[in-house]
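Participant: One structure, as structure tokens, below. Some questions next.
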Amino acid sequence: MKRLQLPLTSKDIKELNAGDSVLLSGTILTARDCAHKRIKELMDEGKALPFELKNAIIYYAGPCPAKPGFASGSCGPTTSSRMDVFAPALLDAGLAGMIGKGEMSDEVRKAIARNCRVYFAAIGGAGALYAQCIRKSKCIAFADLLSEGVYELEVENFPAVVAFDCYGKSIYDNE
Amino acid sequence: MRTVDTQDIEELIYNMALSAGVSLTDGCKSALYAARDSEDEGAAKFALDTLCRNFEYAEAQKMPVCQDTGMAIVMLEIGQQVTLKGKLLKDAVNSAVRRAYADGYFRKSVCDPLTRQNTGDNTPAVIHTDIVEGDKIHITYMPKGFGSENMSKVYMLKPAQGTEGIIRAIVETVEVAGSRPCPPVIVGVGIGGSFDTCTLLAKRALTREPGIHSARTDIAEIEEAALMCINRLGIGCQGFHGRTTALAVNCEWAPTHIAGLPVAINIQCHCMRVKKEVL
């Protein structure tokens, strides 16, 4: 199990291979369907995003509301393939990688490889355990989208598996 | 005749919804433990172990097992000897869902299909009512997540495709879904009826515990054969390969038209959260 501190360096990314188990600590940003649509619209119009995309890790997730005394409600990954249409442009614009669940398209895999990025798979359906890894949660954009807004999460020892590595390899391939 | 106040239905569904969001069924838990224990070391075993620890922690903390606390599916079988009084039944069900999603700190996941504007309280619920014999009300409640719902399909097969065609359709649906619906999945299959009723049969099939087969022998054989083929696909937990891609295949059936063989396949992820009560 590799422990990684975010933000990731190129050296960190080059040492990751599809199938490796990792524990991530640091800051990640949530964004899912509706937030991606807005990010794309802003990018298409040449406008600034309400957060720094460069070197960020986007977590495809929409948390439950936090109970009193908890930093976050349940917060597991959502199906990444719905973001296939958005991910390549974000990776080309400097996004360091994504966390989600399930396969993504070949276009995404190529964009990961050409930019030397990484796609992590979190364990889908383990939302309660993931909430335990979240130390702080703050909505930093698109609050009107409720759980679909962009949340900045401070995570500690967040378990994930390298799904697509920077060498174009995928954990989902049949050996 | 027996008179039931819809307020009592609301209270019962409220409690079922609160409990369903934070706990899996006993059959689902047993199936996940068994899958974990049968898996070789590696990513799939790690993922299965994580899922088992997750549902144990969620239940202890009364925290949603999965952040996708779903659309609320409510199936009501109302005895013909029952007279309802009080607020409209539909309003009572929606009120129960609205209160449970607020009080349980569940995610509100229902929105307009085009504008994508969230309704803010997870209503409306999906309500199926059926009039049956007797003076009781049988209530089945399940929150249904959409990572798995999105991978569901309807096939209008030709009668000549028969049993083999049905099994092929089931296996193909799970194969195409791959890692995306959070395998290991539970597969609900509706066989027969019409275009609309086969999908409801498939949903009803998802309320049956893993490991319990259809009472009809030829249907139970389809369940077993399809499950065996699915678990040979090698997709495995989360798509990390391994032995268990599905925990169960459950089929329900109804008579159909001489010209057709509708088959609906409704996918459920490993978070089977079904509650059943009788009022």
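Bear in mind that the values in this text are calculations on the coordinates, not laboratory data. Predicted, not measured: the structure shown is a model, and the values here were computed from it. A quick note on method: Cβ atoms are made from the backbone with ideal geometry, for glycine too, and the neighbour counts reach across all protein chains shown.
One line per residue, one yes/no per condition, for (1) closer than 30 Å to B:D121 by Cα; (2) touching a Gly at 6+ places or on another chain (Cβ under 7 Å):
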position	(1), (2)
A:S80	yes, yes
A:D84	yes, no
A:E103	no, yes
A:A141	yes, yes
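Participant: Also, quick follow-up: Going through region B:245-260 one residue at a time, which ones are surrounded by 21 or more Cβ atoms within 10 Å (Cβ to Cβ) and either more than 14 Å from chain A (Cβ to nearest Cβ) or of a type in the set (G, A, S) (or both)?
Facilitator: Across region B:245-260, the qualifying residues are B:A246, B:A248, B:V249, B:N250, B:C251, B:E252.
Participant: Something else now. Quickly run through region B:82-109 and pick out the residues that are in contact with a strand residue (DSSP E or B) (Cβ under 6 Å, 6 or more places away or on another chain) and either β-branched (V, I, T) or surrounded by fewer than 12 Cβ atoms within 10 Å (Cβ to Cβ) (or both).
Facilitator: Across region B:82-109, the qualifying residues are B:V82, B:T83, B:K85, B:V93, B:V97.
Participant: Tell me the helices (runs of 4 or more DSSP H) entirely within region B:18-112 that contain at least 2 residues that are of a type in the set (K, R) and within 14 Å of chain A (Cβ to nearest Cβ).
Facilitator: In region B:18-112, the matching helices (runs of 4 or more DSSP H) lie at B:26-38, B:43-61.
Participant: Here's a check for you: in region A:35-64, which residue that is within 14 Å of chain B (Cβ to nearest Cβ) and in contact with a Gly (Cβ under 6 Å, 6 or more places away or on another chain) is farthest from A:Y172 (Cα to Cα)?
Facilitator: A:C64
Participant: Among the residues of region A:44-60, which ones are touching a strand residue (DSSP E or B) at 6+ places or on another chain (Cβ under 6 Å) and farther than 10 Å from A:L29 by Cα?
Facilitator: A:P50
Participant: Can you tell me which residue is farthest from A:A121 (Cα to Cα) among those in region A:1-30 that are free of Cβ contacts under 8 Å to residues at least 60 places away in the same chain and in a helix (DSSP H, G or I)?
Facilitator: A:K11
Participant: While we're on this one: Any residue at all in region B:211-227 that is surrounded by fewer than 24 Cβ atoms within 10 Å (Cβ to Cβ) and closer than 25 Å to B:M71 by Cβ?
Facilitator: yes
Participant: Kindly provide the set of residues from region B:241-279 that are part of a loop (DSSP other than H, G, I, E, B) and among the charged types (D, E, K, R), ordered by number. Full working, then the answer.
Facilitator: Within region B:241-279, the subset part of a loop (DSSP other than H, G, I, E, B) is B:242-245, B:255-260, B:269-274, B:279.
Listed by number, the residues that qualify are B:R243, B:R273.
Participant: For region A:65-175, list the helices (runs of 4 or more DSSP H) that sit wholly inside it and hold at least 3 residues that are more than 26 Å from B:Q117 (Cα to Cα) and within 11 Å of chain B (Cβ to nearest Cβ); which are they?
Facilitator: Details: elements: A:87-92, A:106-115, A:127-133.
Those helices (runs of 4 or more DSSP H) span A:127-133.
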